[in-house]
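*Asks:* Encoded as structure tokens, here's the structure I'll be asking about.
Every read-out reported here was derived from the displayed coordinates using simple, explicitly stated rules and does not represent laboratory data. These figures come from a predicted structure and were not determined experimentally. Heads up, the Cβs are rebuilt from the backbone with ideal geometry, glycines too, and the neighbour counts pull from every protein chain shown.
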Amino acid sequence: MTTPVAQKDYRCEWCPEPILQGQRHVYMSMLYEGTFLVTREHQECWDAVQKYWNQVNKLGGDENRFNFEPHSFKRGTAELIALDIGTEITTHDGREGVVQSCEHNGFWGVTLEPDFSTCLHQAEFKIKGDPGGG
């Protein structure tokens, strides 16, 4: 684990907010079950990961309990992002829509204009009018 200064914008693995160029962050690379993995988190998100992991260990240390959907937590917390039914959203490609059903593993039922229903991961959209949202 290292704490480099970002040479470009990156995506935090824990929350949906970007790690901006010039921002110090946590970088970790590892080989896990034959797969090379790289993660980057804001420092406060890394701290939240550690608290989350400690809670998992207190529950018996089952590694599967630590699995999480990337970008699903509020920055610097172990609190899942929540949206209300009816929240207006904008996808990253500019389509507008409305949240129609509850979150499941980071996915939300969304109706996009015109009347197209789909499931989107919360990393694929932002709350309408929220420049950093998601």
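*Asks:* Calculate, in nm to one decimal, what Trp53 and Lys128 gain on full extension: separation in residues at 0.36 nm each, minus their alpha carbon distance.
*Replies:* Result: 23.7 nm gained on full extension.
*Asks:* Sticking with the crude label model, points 7 Å out along Cα→Cβ, report the distance from Thr77 to Leu37 in nm, one decimal please.
*Replies:* Spacing of the two 7 Å Cα→Cβ label points: 2.5 nm.
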